[in-house]
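Student: Have a look at this one.
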Amino acid sequence: MSFQDAAVKAVDVLFATFGQTAQLVFDDSTTLETVVVHRFPDKVVDFMDSKVQTATNLFDVRLSVLDPVKKIHQIIKNGTTYTVQGEPVKDQHGLVLSVDAYAS
C-alpha cells in the first residue's frame with residue numbers, strides 16, 4: 001500500500017467518524033450536499049494584555065467532491081449559514097480543503 005492510499009483511507013475514517021452533512025453554496029449560486037468536518041470557534045486566548053475571542057469556524061471538505069473551478073461562498077449546516085472568509089487552504093497531500101467561515 002502506498003502512502004497516498006494510506007492517506008486516503010485516513011481521510012475516509014476522519015470524515016466517517018466526525019463528518020456531518022452540509023450544503024455548500026458556490027459563487028455561481030450552485031449547491032452541493034456533502035459531508036464536512038466542522039471545527040468549532042476558537043477559544044478565548046490571551047494576546048499581550050488583551051483577551052481575544054474569534055468566532056471563526058473551520059470546515060474541512062474533501063477535495064475529491066469539489067469542482068476545482070468553483071469557489072465556496074457559504075456552508076449551510078443544521079440551519080445555520082456560514083460565510084466563507086479568506087482563501088481556503090489545501091492540506092499538504094491535496095486531499096482536504098480547510099475553509100474558514102463565520103456564522104452569518
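Student: Answer with yes or no whether LYS77 is open to solvent by 80 Å² or more (accessible area, probe 1.4 Å) and either modelled with pLDDT under 95 or under 15 Å from the mean Cα position of the chain (by Cα) (or both). Write out each step before concluding.
Tutor: Numbers: open to solvent by 80 Å² or more (accessible area, probe 1.4 Å): no; either modelled with pLDDT under 95 or under 15 Å from the mean Cα position of the chain (by Cα) (or both): yes.
For LYS77, the condition - open to solvent by 80 Å² or more (accessible area, probe 1.4 Å) and either modelled with pLDDT under 95 or under 15 Å from the mean Cα position of the chain (by Cα) (or both) - is not met.
Student: Identify all residues within the stretch 1-40 that are open to solvent by less than 70 Å² (accessible area, probe 1.4 Å) and among the aromatic types (Phe, Trp, Tyr); write none if there are none.
Tutor: Matches in the stretch 1-40: PHE15, PHE26.
The values are calculated or read from the model by the stated rules, or taken from the named source; none is laboratory data. The model shown is predicted, which means the values in this text are computed figures rather than measured ones. When the accessible area is computed, the model is the full protein with side chains, heavy atoms only, and any ligands, DNA or RNA have been set aside. Shrake-Rupley method; radii C 1.70, N 1.55, O 1.52, S 1.80 Å.
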